[in-house]
Amino acid sequence: MVPLLTLFGGLTQHRAHATSLAAIIPIAAVSAGAFAAADQVDYAVAAALALGAIFGAPLGARIMAGAGEGALKTMFGLLLLVVSVQLLWS
Amino acid sequence: MSVLLLLGIAAAGILVGVTSAMFGVGGGIIMVPFMVLALDKTQHIAEGTSLLVIIPTAIVGVIFHRRRNLVDFPHAAAMAAGGTFGAYAGAAAALRLDGETLQVIFGGFLAVIALRTVRDGIRDMRSGSKSGSAT
């Protein structure tokens, strides 16, 4: 979604990240619902992960705000590279 | 599960939250391998669990991004509408292709986008522009 927003939506890298995060909420909710219905959720692990994540998120937001546009874009590109390598190598 | 294990998982969760808010992603990229490799969960349970975690994680991230006026809600709504529709359509299409083919196609496509993004990002850093280009 982030590249779609920067390439076609004309958003800056920072706004693309923030906007994509907002879009993810309902998408994840619908998908999580399907998995929960199929009993494919470990609620204890989810709670523990979420506990840490809600503390990490404000920190991540601050780091993002402090990063320059180019630096953020480069880091995001590297993240995408890691994901693509993970997909191609398995 | 032991309290120590739960605390360890919460610690991993911190990294998930940082990544999610910083990059506008769900964090599944960290959570799914973590649950499969470190916690020995099945792929399906790892995916389902990570999707559930993404909800509060993304909500908190958006709250903090919103305070800095960074969230474009009209664009987010459009992407969310397309995304939920796409999830159904994509699942139907995916079931017709074998998993390996899908991974290679998507992985290759993503690699191209990744390299282009890194290239543009480095170019932006070199030019020293703060607002950056829209690509």
Residue satisfying condition, being surrounded by 21 or more Cβ atoms within 10 Å (Cβ to Cβ) and in a helix (DSSP H, G or I), within set B:GLY13, B:GLY26, B:GLY86, B:GLY90:
B:GLY13
If you check A:LEU51 against the conditions, is it surrounded by fewer than 21 Cβ atoms within 10 Å (Cβ to Cβ) and either hydroxyl-bearing (Ser, Thr, Tyr) or within 24 Å of B:LEU102 (Cβ to Cβ) (or both)?
no
For segment A:39-68, how many residues are part of a helix (DSSP H, G or I) and facing chain B (nearest Cβ under 7 Å)?
20
Does A:ALA32 qualify as being open to solvent by less than 10 Å² (accessible area, probe 1.4 Å), closer than 27 Å to B:TYR88 by Cα and either within 7 Å of chain B (Cβ to nearest Cβ) or not in a loop (DSSP other than H, G, I, E, B) (or both)?
yes
Residues being more than 15 Å from A:ASP42 (Cα to Cα), within 15 Å of the chain's Cα centre (by Cα) and open to solvent by 50 Å² or more (accessible area, probe 1.4 Å): count how many of those fall in segment B:45-68.
1
When you scan segment A:71-81, do you find a residue that is touching a His at 6+ places or on another chain (Cβ under 7 Å), open to solvent by less than 50 Å² (accessible area, probe 1.4 Å) and either in contact (Cβ under 8 Å) with a residue 12 or more places away in the chain or more than 13 Å from B:VAL16 (Cβ to Cβ) (or both), even just one?
yes
B:THR49 versus (1) in contact with an Asp or Glu (Cβ under 8 Å, 6 or more places away or on another chain); (2) in a loop (DSSP other than H, G, I, E, B): which is the lone unmet condition?
(2)
Looking at this structure, is A:ALA65 open to solvent by less than 20 Å² (accessible area, probe 1.4 Å) and not polar (S, T, N, Q)?
no
Consider segment A:6-21. How many of its residues are farther than 12 Å from B:ILE54 by Cβ, within 14 Å of the chain's Cα centre (by Cα) and hydrophobic (A, V, I, L, M, F, W, C)?
2
Restricted to segment B:1-23, and to residues that are under 19 Å from A:GLY77 (Cα atoms) and among the hydroxyl-bearing types (Ser, Thr, Tyr), which residue is nearest to the chain's Cα centre (by Cα)?
B:SER20
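Conditions tested, residue by residue: (1) at pLDDT 95 or above; (2) under 14 Å from B:GLY27 (Cβ atoms).
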site	(1), (2)
A:LEU4	no, no
A:ARG15	yes, no
A:LEU21	yes, yes
A:GLN40	no, no
A:ALA50	yes, yes
A:ALA71	yes, no
A:VAL82	no, yes
A:TRP89	no, no
Let me confirm something: among B:ILE113, B:ILE105, which residue is open to solvent by 30 Å² or more (accessible area, probe 1.4 Å), at the interface with chain A (Cβ under 8 Å from one of its Cβ atoms) and assigned to a helix (DSSP H, G or I)?
B:ILE113
Among the residues of segment B:31-45, is any at pLDDT 95 or above and closer than 24 Å to A:ARG62 by Cβ?
yes
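The values are calculated or read from the model by the stated rules, or taken from the named source; none is laboratory data. In this text the structure is predicted, and so the values were computed from the model without any measurement. Reconstructed Cβ throughout: ideal geometry from the backbone, glycine too, with neighbour counts over all protein chains shown. Ligands, DNA and RNA are stripped out before the accessible areas are found, and what is left, the full protein with its side chains, is counted by its heavy atoms. Shrake-Rupley method; radii C 1.70, N 1.55, O 1.52, S 1.80 Å.
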